[in-house]
């Protein structure tokens, strides 16, 4: 790339820097982006850059593969219902140990190494999250749903990058495992975020013909879930995006975290990457017109 081409790339980013300066971006970080070294570094660089140009990234991380490995090492077979981990007491202890005790500080150290000034939290810190058992707890065990978010905990960290592990306590003190996508969506709602971005291990959401959907309207999403086209772990991702949009979040995206610098491509370029989920009824809309 010659110097003029490099300048053009920077100029393409300028309107998005202006648009999102001072805005909150809630980013769910998980999958291969957390495991491959080149993707870990590109993620940390992206987040640091977004912070330095005036945006407020908030990170919620998962850890499914790492939890699976630890659970199997303990002689427990991982089980899932509608993409959510079945969590008994023994599994809950492993989940908290892996998420809060190992992964969270690793991500904080990674971001700090790239100049990000990150701070690690779990949902228990400052009662950032308050949980209760899901209505289908008989099937899922200690899997919780978020019933309260204290945004002041995050707002107090204005000059830092919060990195949040998706565990929380209920009113009775019981610790619950909460899907990281769901936590990211609820935090995005509480902070009135400009964007909710879910990094995942696929290109985005696919339609009936298997083709990647650049844009997914809410009514089509409900149809695809009901018909089994959207299935497994993609269900909670799409559902939490839809709920976040209903709760006031401006934009929601399912993005391929296997792409280097996927965050910068989504936030600072004309086309973005992955699938944008939009509220409202079926309509034609070109991704190039998103700005």
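Bear in mind these aren't lab numbers, they're just calculated from the coordinates by the rules spelled out. Please read all numbers here as calculations on a predicted model, not as lab measurements. Here Cβ is always computed from backbone atoms with ideal geometry, including for glycine, and neighbour counts include all displayed protein chains.
Of note:
- Each Cα pair of segment 174-239 feeds into the Kirkwood radius, which the Stokes-Einstein equation turns, at 10 °C and 1.306 mPa s, into a diffusion coefficient of 120 µm²/s.
- Degrees between helix 64-73 axis and first principal axis of the chain (Cα, 0 to 90, nearest 10): 30
- Tail weight of P(r) past 20 Å, computed on alpha-carbon pairs of segment 118-222, percent: 49
- Of all DSSP beta bridges in the chain, antiparallel share, percent nearest 5: 30
- Calculated FRET efficiency for the pair residue 192/residue 261, C-beta based, R₀ 25 Å, to 0.05: 0.40
- Sequence ranges 192-199, 261-268, ranked by mean other-Cβ count within 10 angstrom, highest first: 192-199, 261-268
- Rounded to 0.05, the FRET efficiency of the residue 139 and residue 246 pair, given R0 = 25 Å and the Cβ-Cβ distance, is 0.50.
- Taking the centroid of alpha carbons for each part, segment 33-58 and segment 94-159 are 18 Å apart.
- Acute angle (nearest 10 degrees) that the helix 3-20 long axis makes with the longest principal axis of the chain, alpha-carbon atoms: 60
- Angle between the chain longest axis and helix 104-113 axis [Cα atoms, degrees, rounded to 10]: 30
- GNM flexibility winner over the chain from 133, 65, 236 (Cα, springs under 10 Å): 65
- Each label was represented as a point 7 Å from its Cα along the Cα-to-Cβ direction; for residue 36 and residue 147 these points are 4.2 nm apart.
- In this calculation the C-beta distance from residue 271 to residue 219 is compared with R0 = 25 Å, giving a FRET efficiency of 0.55.
- The chain - percent relative contact order, Cα under 8 Å, separation 6 or more: 22
- D_trans [Stokes-Einstein, Kirkwood Rh over alpha-carbon pairs] for segment 1-146, 10 °C, 1.306 mPa s, µm² s⁻¹: 90
- Residue-averaged [θ]222 nm for the chain, counting only DSSP H segments that reach four residues, each worth -39500 (n - 2.57): -11500 deg cm²/dmol
- For segment 1-136: relative contact order, % (alpha-carbon pairs under 8 angstrom, 6 or more apart): 22
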